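Laboratory data are not the source of any read-out in this text; all were calculated from the coordinates shown. All values reported here derive from a predicted model rather than from experimental measurement. Note that each Cβ is placed from the backbone with ideal geometry, even for glycine, and that neighbours are counted across all protein chains shown.
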């Protein structure tokens, strides 16, 4: 039951772990560009071998960034119920719209085929890969670097009046507050458990019961979120933050050869995932 309250251990997105690796020293603009390219390639790769290559690449990123692999594995735990539900739905209902493949079971509206089984396996591996690579990105990039990198990367959109700076700030705040809300949720769960609430007493596969047990903390968590948002507004106003105003930056990024190499590796990996004709 103690593991039920260790939410902050299982949230890797939004946290920063300085290890001084070469990935930590990359220009955030090129790091974000390579991340987007690889995520798109992973989402479009539908073969077994291709996803194994992508998984091996994600493990290589952990090794290069000197980040312990258990950080990535712990980030998968909160997503396990969602992956299971999605897998069951795909297994039962995708076979009716899929073309080709061997039919293993056909009963009423339920149809299980080789195509639906492949989709379940590939989708689960995709989720793991995206969680892994997102963990590497946020664990190796500080909040300030994410904001500046995203703003520089999207700066060409300013010609079409797109609020680039506001968009970058909103996305960065959302990512940064993920571990914060996990910590607040952990505190509330411990407080409710001390008052007799049931957390972690049911089997892991009883998703409905475990979800129902979380209802008592939804309203307090929403209240904390509003309080945190108000505190953030006051802090930004105290620093004379004006949305839409022209702003200067202290850090000016200049690309180095390693940044071009990182982007080239991202493009090459995407080409390997999408162009190579894998037999499986």
In nm, to one decimal, how far is the residue 44 label point from the residue 22 one, both placed 7 Å along Cα→Cβ?
2.7
Pairwise FRET efficiency - residue 275 versus residue 55, Cβ, R0 = 22 Å, nearest 0.05
0.75
Can you order the peptides 215-224, 22-31, 176-185 by their average number of other Cβ atoms within 10 Å per residue, highest first?
22-31, 176-185, 215-224
